[in-house]
Each structure stands twice: as C-alpha cells, then as structure tokens.
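Notes for the one structure printed next.
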Amino acid sequence: MTVDGGYQPETVRLAKGVPAKLVFERVSDKGCLEVVHSPELGFEAELPLNQEVSFDVKTDQLGEYGFACGMDMFKGKVVVK
Ligand SMILES: [Cu+2]
C-alpha cells in the first residue's frame, strides 16, 4: 500500500488460508509515518522514502488486525475473511 500522509488503502482484505504479503511504500514525508508497526501482526519497521518494505501476513485465523504509525495516530487494518 501507499503511505502518503496516511495509508492508502486503509483496509486490506485477505482470504483466509491464502499466504499474503503487505507491501508498504512511503512516498512523501507528510505526517509521522516513518515507522509502521503492528503488535497484532507481529511487525515493526522503518519505512525509508520511496522504498518498498514488505511483511508476510498470517491468514490462518479470521479477524481484523490493525497496524499504525509509530505513534498510533494513523491507522489501517487487515481483514481476513
Ligand atoms: Cu504517527
């Protein structure tokens, strides 16, 4: 997804049981989105400008899993269904 003053899209829908990967690319220094983290999905990383950073996502359990910037101001979520 694109990180440009927020997450676009804010919601990502994934199919249960299908291996998936979230790819973030931060394209502007708007906001405070240098770090993305998700305790629920088990990742935390810096997002260098204009560089893709990806995380494998487990899809074996139905549910909604949030991710956010380092200060939890900007949020997005992954929906597994
Ligand atoms: Cu923030």
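Could you please find all residues in the stretch 21-31 being open to solvent by less than 30 Å² (accessible area, probe 1.4 Å) and in a loop (DSSP other than H, G, I, E, B)? Talk me through it step by step, then tell me what you get.
The initial filter retains those residues of the stretch 21-31 that are open to solvent by less than 30 Å² (accessible area, probe 1.4 Å), namely 22, 24, 26, 28.
Scanning the stretch 21-31 gives a single hit, SER28.
When VAL12 is tested against (1) out of contact with any Ser or Thr (no Cβ under 8 Å at 6 or more places or on another chain); (2) within 13 Å of the ligand (Cβ to nearest atom), exactly one condition is not met: (2). Got a sec? Which of VAL18, VAL3 is aliphatic (A, V, I, L, M) and open to solvent by less than 60 Å² (accessible area, probe 1.4 Å)? Among VAL18, VAL3, only VAL3 is aliphatic (A, V, I, L, M) and open to solvent by less than 60 Å² (accessible area, probe 1.4 Å). The number of residues in the stretch 47-81 that are more than 13 Å from the ligand (Cβ to nearest atom) and either loosely packed, with under 12 Cβ neighbours inside 10 Å or outside any loop (DSSP other than H, G, I, E, B) (or both) comes to 22.
Among the residues of the stretch 25-38, is there at least one that is in contact with a Ser or Thr (Cβ under 9 Å, 6 or more places away or on another chain), basic (Lys, Arg) and within 21 Å of LYS81 (Cβ to Cβ)?
First, pick out the residues of the stretch 25-38 that are in contact with a Ser or Thr (Cβ under 9 Å, 6 or more places away or on another chain): 25-27.
If we keep only those that are basic (Lys, Arg) as well, we get 26.
Adding the requirement that they be within 21 Å of LYS81 (Cβ to Cβ) leaves none.
So far as the stretch 25-38 goes, no, none of its residues is in contact with a Ser or Thr (Cβ under 9 Å, 6 or more places away or on another chain), basic (Lys, Arg) and within 21 Å of LYS81 (Cβ to Cβ).
The values are calculated or read from the model by the stated rules, or taken from the named source; none is laboratory data. As the structure is a prediction and not an experimental result, all values here were calculated from the model. All Cβ positions, glycine included, derive from the backbone under ideal geometry; neighbour counts span all protein chains shown. Protein only, heavy atoms only, side chains kept; ligands, DNA and RNA dropped before computing areas. Shrake-Rupley method; radii C 1.70, N 1.55, O 1.52, S 1.80 Å.
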